[in-house]
Each structure stands twice: as C-alpha cells, then as structure tokens.
Amino acid sequence: VARESFGAVERLRGAPPGSVSADLAELARIGSSPGAGIERTAWSPELFAAYDWVARRMAEQGLAVQIDGAGNLIGSWNVGRGAAIVVGSHLDTVPHGGALDGALGVVAGIHAVRLLRERGVVPSRPLRIIAFMDEEGTRFDTALFGSRAFAGDDLSSLGDRLDGSGISLREAMANAGYDHRAVGSARGVAAVHAYLELHIEQGPVLSADGIAVGAVTSIVGMRRFQVELVGCANHAGTTPMELRRDALAGAARISLALRDFVRGRSCVTTNVGKLSIEPGGANVVPGRAEFTIDVRAADAAGIVELEDFVWETVRSVARDERLESRVELTFSLDPVQFDPSLIEAIERAAAAEGASCRRIESGAGHDAMVLGQHVPTGMIFVPSDGGVSHSPDEYTPPANLELGTRVLATCLQDVLSRER
Ligand code: GLV
Ligand code: MN
Ligand code: MN
C-alpha cells in the first residue's frame, strides 16, 4: 500500500549526524519515492547506487571494498590470520519497503568496525562486512541469491527466470555488468569462521514486551511455488456459472484452503503474495491465473507436510474446477538452528551493554539461514515498532538501533577474544 507520508524515515532523520540512525535515514533516500517507500530490487540501478553509498562508508572505516561475481558487496578488514568473521545482511528491499530491513545489518556492521577501532580492538582474524545480493527475491523469485552463491550452491539454473517485464536474470545481470556464468566464483564460505547478522525483528514480540535485544535461536523452513492455472476465457454475461472454467476461482480456492489448513496451528504460515490473471476484463471470465505460494514451518516435519499439502491442494482444486495446472517449486530451504555458543555470546554482549534480552525464533527468512547451514551462525534482533515490516512504516527507535549496534560490536569483541 503506498503511503502519503514517510514518517518512519523522518523520525530517524532527527538522530545525531554520524549515528547509525542518521546513516540509515540518508541511505533511505536511495530508491525512495514520495508516497511509495523504498524500492531497491535486485540488480537495479537503485540497488547499485546504495552499494556506492555503502562502499564509501566502508572505505571511510579503512575497509577494502570489492563486489564478487554474485553481486555481493564486501568490505574487508584484513587483519589477523585464518578464516574470517563475517557480519552481513542485505541492501535490496521488497516493493514499497522500509528503511531498516537488511540495511540496518549492513550499516550496523560498518559502525561495529568503527566501535572496535575506537575501543582499540585489533581482531585476531579478518572481519568482513557483506551486503548480500537479492535477499528478498522479489524480482526473479531468487531469494537469498547472494548468500546462496557465497555458500557455493549451484545457481546456474536460475538465469532464465523472468521479472515482471520479461527481462531474464541473465539479462539483468549483464545490464549491470555481471556474467551469470561467473556466479560460482562468489563461493567464499570455506574461508568463514563464524557469521553474525543484526536485523529488525519484523514481528511484534520484542516491541510489545519492551525487550531491547532478541538472541535468535532458529529460523523457519520455507518453500516457494509458482503456480499456473489455465481454464477458458469467455463472456461473463452469457457463460452459465456451472459451465465456466474460471482460473481465478481456482486460485482463490487454493489460497483459502492453504489458509484454513494452517489456521489454529502455531509456527506455520502460508501466503499467496503475487497474483496475475488474464485476459483481465471486467466482463471476461479469467482464463488464466498465475500466482506464488510461500509456506513456512518451524520444524522439518511441518515443512514436509505443508509442501505435500500444496501439491495435493492444487491438484484437487484444479481437477474440481476443470483447470489445467502447472506447479514449480522455486525455492526450498530447511529450518536452521543457530550455534548455541553464539546465542550465549549474544546474551553476554546484551548483558554487558545493559540491554534486556530474550531468546526468540524467526519467522522471517534471512541470509543467516543460508550461512547457518555451513558455519556457526548467530543473529541479533532489535524491536520493530508495532511489529510492522515490509512496509514504508517499519521503524525502530534510534536508541534501540544504536544499542543493537553496540551489542553486535561487543559480541564480535567477545568472539574474537575467546580464541586468543
Ligand atoms: C524475507 O524477508 C522473507 O522472510 O521472505
Ligand atoms: Mn531482511
Ligand atoms: Mn525482507
């Protein structure tokens, strides 16, 4: 929903110059338009303009800046020896997004470097701040693209994915100066010792209870599907109701069946978030519907059950409505549990900074769920005012943004000192 005002960013703008909040307010200008929040989709000029801005901030902190073959922006503090500690998140946004989802983790990572330098900490290992490409996956249904490439997943089959205007991922990459065949060169996880990510909660729990920091224990598993239903476009006034093959009616029944299946259960969700119908006339029966399904569950058995339910529901509704159906599983990631010693390190850091802290599960996906399959990983949440996110209205009070950043820096310091 487009907004008349953009109050959340205005409220950040009042923070002292040079603070995390003021930097986030400045970064929020890139890709924002009046009334529509912020939009920086994967491989877009807006996203690369944000990269330029962040790269300058990285360089100011003495980091060596590069962009790898998957479009991940990496700032390196090349000190110490051995595998690196990586702090990451993302700079891409959902359509009509806000100023904090992803951007906080990157900006806070740079400020954590500043704090470590101010505290005289010389890391025993290299420290890298990474903005991963296309975490959201909005444009090509290629969520977590950069972190998956960094983890060494084979993404070569994704080049043909099309965006809403018919441009393929391969073309979008080429237009930005990247070669889809070179994505494999971004593999870098073998040189990572541990991964940390600071993010807004994107849910209501911490804000409602007045807790400053969440030590994240796990992230839900996810499946995403692309579904096509084909019926028969026909005259809306003359085609008898019982003879119609209405693709939208089929899509609506599937969406509601999914909703009813998970209602009343905890830790499972379903969502139909993109839908298009053709031919698109008020007086024409919809002959074709195309839509996405996103399902999530906290445990492995739950995600398997949900996935089976999607396949079976599409099949049975299509048969009942006399529609042809095509289903493609476009994204699949299992639930991840975070590293117990990093959860404890986050709790210690919160205590050291005087921040109230509680353990919390994440229903949102993050780059940490990819890294967490490979290396010890921890995530820090700060409260989302009113639990609002994926919206221009997402907001966290500046005091909480600064406190979360200090907790991140102190946690890094703790992790680094424990290996001496
Ligand atoms: C990312 O924000 C997701 O949870 O899909
Ligand atoms: Mn995010
Ligand atoms: Mn997001």
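The values are calculated or read from the model by the stated rules, or taken from the named source; none is laboratory data. What you see is a predicted model, and the numbers here were worked out from it, not measured in a lab. Positions of Cβ are generated from backbone atoms using ideal geometry, with glycine treated the same way; all protein chains shown enter the neighbour counts. What goes into the accessible areas is simple: the full protein's heavy atoms, side chains included, and nothing from ligands, DNA or RNA. Shrake-Rupley method; radii C 1.70, N 1.55, O 1.52, S 1.80 Å.
Numbers for the structure displayed
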read-out: The chain - share of DSSP beta bridges that are antiparallel (%, nearest 5); value: 65
read-out: About the Cα centre, charge dipole magnitude for the stretch 1-137 (Lys/Arg +1, Asp/Glu -1 at Cβ), debye; value: 660
read-out: Efficiency of FRET between SER276 and GLU60 - r from beta-carbon atoms, R0 56 angstrom, step 0.05; value: 0.80
read-out: Derived scalar couplings ³J(HN,Hα) [the stretch 276-293; Karplus, 6.51 cos²θ - 1.76 cosθ + 1.60; whole Hz; x for Gly, Pro]; value: 9, 10, 10, x, x, x, 4, 10, 10, 5, x, x, 8, 10, 10, 7, 9, 10
read-out: Largest-first principal axis extents of the Cα set of the chain (Å); value: 78, 46, 43
read-out: Kyte-Doolittle mean at least 0.5 and Cα axial length at least 24 Å: DSSP H helices in the chain; value: 398-417
read-out: Under 14 Å, Cβ to Cβ, from VAL304 - net charge with Lys/Arg +1 and Asp/Glu -1; value: -4
read-out: Restricting the stretch 96-141 to trypsin sites (Lys or Arg not before Pro) in coil, as DSSP defines it, with at most 13 other Cβ within 10 Å; value: ARG119
read-out: Share of carbon and sulfur in the accessible heavy-atom surface of the stretch 211-250 [1.4 Å probe, %]; value: 60
read-out: Cα convex hull of the stretch 308-418 - mean projected area over all directions, nm²; value: 10.3
read-out: Projected label distance in nm at CYS232 and ARG319, using a 7 Å step from Cα toward the beta-carbon; value: 2.1
read-out: Accessible-area value, HIS96, 1.4 Å probe, nucleic acids and ligands omitted, Å²; value: 60
read-out: Dipole of the stretch 147-261, positive end: most advanced residue of LEU198, GLY159, GLY177 [Cβ charges, Cα centre]; value: GLY159
read-out: Calculated SAXS-style log₁₀ I(q)/I(0) at q = 0.14 Å⁻¹ - the stretch 146-230, Debye, Cα scatterers; value: -0.81
read-out: 11 Å cut-off, amide nitrogen to a point 7 angstrom out along ARG13 Cα→Cβ, residues in the stretch 22-47; value: 25-26, 29
read-out: Shape category assigned to the stretch 105-157 from the gyration tensor of Cα positions, a/c cut at 1.5; value: oblate
read-out: Trypsin sites (Lys or Arg not before Pro) within the stretch 271-349, DSSP loop, no more than 16 other Cβ atoms inside 10 Å; value: LYS274, ARG322
read-out: Added length on full extension, which subtracts the Cα-Cα distance from 0.36 nm per residue, ALA182 to PHE309; value: 42.0 nm
read-out: Kirkwood Rh, angstrom, the stretch 11-74 [1 / mean 1/r, Cα pairs]; value: 12.9
read-out: Charge tally in the Cβ shell below 9 Å around CYS267, where Lys, Arg are +1 and Asp, Glu are -1, CYS267 excluded; value: 0
read-out: Extension reserve of the ASN175-ALA300 stretch, reckoned as 0.36 nm per residue once the Cα distance is removed; value: 41.1 nm
read-out: The chain, dipole about Cα centre (Lys/Arg Cβ +1, Asp/Glu Cβ -1), debye to the nearest 20; value: 580
read-out: Convex hull projection area averaged over all views, the stretch 1-139, Cα basis, nm²; value: 8.4
read-out: Three-way shape label, the stretch 77-208, alpha-carbon gyration tensor, a/c 1.5; value: oblate
